[in-house]
1. Mind checking which residues of segment 6-37 are in a loop (DSSP other than H, G, I, E, B), within 25 Å of the chain's Cα centre (by Cα) and surrounded by 14 or more Cβ atoms within 10 Å (Cβ to Cβ)?
2. Criterion first (out of contact with any Ser or Thr (no Cβ under 9 Å at 6 or more places or on another chain), among the β-branched types (Val, Ile, Thr) and either closer than 30 Å to Met475 by Cβ or outside the structural domain of Gly189 (by TED's automatic domain parsing) (or both)) does Ile405 satisfy it?
3. Within segment 404-420, restricting attention to residues that are farther than 15 Å from Lys470 by Cβ and free of Cβ contacts under 8 Å to residues at least 24 places away in the same chain, which residue is surrounded by the most Cβ atoms within 10 Å (Cβ to Cβ)?
4. Pull out all pairs, ordered by first then second residue, where Cβ-Cβ is under 8 Å, the residues are six or more apart or on different chains, the first lies in segment 325-354 and is at negative phi and modelled with pLDDT of 95 or more, and the second is assigned to a loop (DSSP other than H, G, I, E, B) and among the β-branched types (Val, Ile, Thr).
5. Listed residues Lys293, Lys223, Lys300; which is of a type in the set (Lys, Arg) and touching a helix residue (DSSP H, G or I) at 6+ places or on another chain (Cβ under 6 Å)?
6. Does segment 341-367 hold any residues that are β-branched (Val, Ile, Thr) and part of a helix (DSSP H, G or I), and which are they?
7. Do we find a residue being small (Gly, Ala, Ser) and buried (at least 17 other Cβ atoms within 10 Å of the Cβ) anywhere in segment 321-334?
Amino acid sequence: MYFCNMVNLEKYEAVIGLEIHAQLSTESKLFCGDAISFGAEPNTHVSPITLGHPGTLPKTNTKAIEYAIKMGLACNCRIAENNYFARKNYFYPDLPKGYQISQHTTPICIGGNIIIKTEDGEKSIQLNRIHLEEDAGKSIHDISPTDTLIDLNRAGTPLIEMVTEPCIHSAQDAFLFVTEVRKLVRWLGVCDGNMEEGSLRCDANISVRLKGETTLGTKVEVKNLNSIRNIKKAIEFEIERLINLIETGGTIIQQTRSFDANNDTTFSIRDKEDANDYRYFPDPDLAPFHLTKEFIESIKQNLPLLPSIIKKEWKIKYELSDYDIEQLCENKEEAEFFIALAKQTNYYKAAANWIMGPIRAYLNESYTSYASLEKLIPYLVELLNLVEEQKINFSVASNKVFKAIVENPQSPIQFAEANNLLQTNSLDEINFWIAEVLNNNPEKVIEYKKGKKGLIGLFVGEVKKISKGKADPKMTTQLLENELSK
């Protein structure tokens, strides 16, 4: 592995551009009706068009075009009204036609940006373009000891490729950018973002130069990074490797490399091709397509409210912390569920806490989605209101009442009353429990009176136990302090 001392590292600036391939969540492929399904038996979702048989004619998937426009609008891109597909000529064993159909030279989405939040504040990562293209199949090297196996199920799957400008200068910022992209494609519903399944992949173009220089250095490309962690690790390794080459008098060769996740290093695959190696020309079998302003506007009008807008609105409307807002905006389903709760209660912070606590825990354990809880929203609102109004202890509410209403939808107050779970503020009852706790813990009482005031939490907890959560914690604390001060 290559290492550089910190003095040398500080002399240089990394320049990084990313290419992110996102498989679109359409039901069929980009140019034919073959189904798309991860994990299907090899070579079962293929047809003469997928296999590139002579005489077959492709037809463009309109839904894929809609998804590309959707992503472009969300990224502030200009949408090109006049479009066509080109053939990108190169041979891979898992690309049956011997060429890939792409928009590389004429992207449907031009420019744009995505904002990332760093320790130093917000940064705008500029996009060069977003274009449509078809995916290749998959070569499998680890099943047969002597042969490479080919699965063409993925061949022809619609992709958008997002290409940034060379404006990223650290592995951490690249990490944050890809994280934001994955969140955005999931929010829009254009891609599932599952990197472990290959539906979101990243190529990183990396070069280094002395700080203050404006000319780009010779770049290397690390291909097919399939986890956000690996993107960061690969870029970190390459930056050090390139600086080490310069410092030791070596020559940087423009090449394509791959990442070895076993030791967090990269290795060379081939010298890098230039664009003219691909011999682009308009695909003669696909007619150009024109997008009307009305069509683009209709997609814009149906865009969901984006996280960047929601975060600003929630800060004012619900007075939530930045942490709460970031957490709730991690996925669209959760954000929409919070909005549904917030429409029926003014306890916004409590609604956020319930979602980030008991509700999330339940969904994770039961492997279900927020859709399964939609019918329970009135009961959940009633439950969190009861807790905030100190009629039910939170622990009892989350561990007993919540579980009961999930299993059998019913009014929380009726369940609590039937099972004697309502919190009490009766002085007689609470003082009775306090006396029992203090009598059972004489040594702790002495320690408290000698100055160990932190023991008040222990006493409150013990009262909570013997009262089965019925004792009002605030009143209990006050009465305990009064009793212990005697």
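1. Leu24, Ser25, Thr26, Lys29, Leu30, Ile36
2. no
3. In this case the residue turns out to be Ala404.
4. Ala351/Thr345
5. Lys300
6. Ile355, Ile359
7. Within segment 321-334, not a single residue is small (Gly, Ala, Ser) and buried (at least 17 other Cβ atoms within 10 Å of the Cβ).
To keep it simple, each residue is scored yes or no on (1) aliphatic (A, V, I, L, M); (2) surrounded by fewer than 17 Cβ atoms within 10 Å (Cβ to Cβ).
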residue	(1), (2)
Glu165	no, yes
Ser170	no, yes
Phe175	no, no
Val178	yes, no
Val181	yes, no
Val185	yes, no
Leu200	yes, no
Asn205	no, no
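The values are calculated or read from the model by the stated rules, or taken from the named source; none is laboratory data. Source: prediction; values computed, not measured. Cβ: placed from backbone, ideal geometry, glycine included. Neighbour counts: every protein chain shown.
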